[in-house]
Structure formats: C-alpha cells, structure tokens
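Input: a single structure, listed below in structure tokens.
Here, each number is a calculation from the coordinates, and none is a lab measurement. If you're wondering where the values come from, they're calculated on a predicted model, not measured in any experiment. Glycine also receives a Cβ, built like all others from the backbone with ideal geometry; neighbour counts cover every protein chain displayed.
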Amino acid sequence: MVNLNLIVAVVDDDESVYRAIKRLLRSVGIKAETFSSGEEFPGTLSSTASYRPACVILDFQMPGING
C-alpha cells in the first residue's frame, strides 16, 4: 500500500518531462510536486519549514543549478 502523505519532488526544466513524471507517479498513488528550475526547489525548502519531500527526481542537465 502506498503512503499518500509522502511527496516526491520533481525538478526539471522541461515541462513535458516533469508533467509526464508527475502523471506517472499519480497513476500509482504517489503525490508529486514539480519545480521548473534548480533555483526554485531549494527556495521552497528554505521558505517552507514543513516541506520535506520523501524523494527528489532531479534533472542533471539544466541551466543554472542542476543535479
């Protein structure tokens, strides 16, 4: 059984990729939140103390901060 309280963070600069990964995760009952840049994700971590994803799927080839 999947724990629906867990969140997976998906960080990718390609919208079609992060939307596809989010749909795939949702199809098996996993909540995903998407971020379109390497800078956006750490900003959310530092500004929202309670936000702690269980897993991060990160693109290794993005402009700016990447994997």
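Annotations
- According to the Kirkwood relation over distinct C-alpha pairs, the hydrodynamic radius of the chain is 12.2 Å.
- Under-5 Å amide H pairs with V10, H placed in peptide plane, nonlocal only: E33, T34, F35, I57
- The packing ranking, built from the mean of other Cβ atoms within 10 Å per residue, places the peptides 27-35, 42-50 in the order 27-35, 42-50, highest first.
- Karplus-derived HN-Hα couplings along the range 8-13 (A = 6.51, B = -1.76, C = 1.60, θ = phi - 60°), whole Hz, x at Gly and Pro: 9, 8, 10, 10, 7, 7
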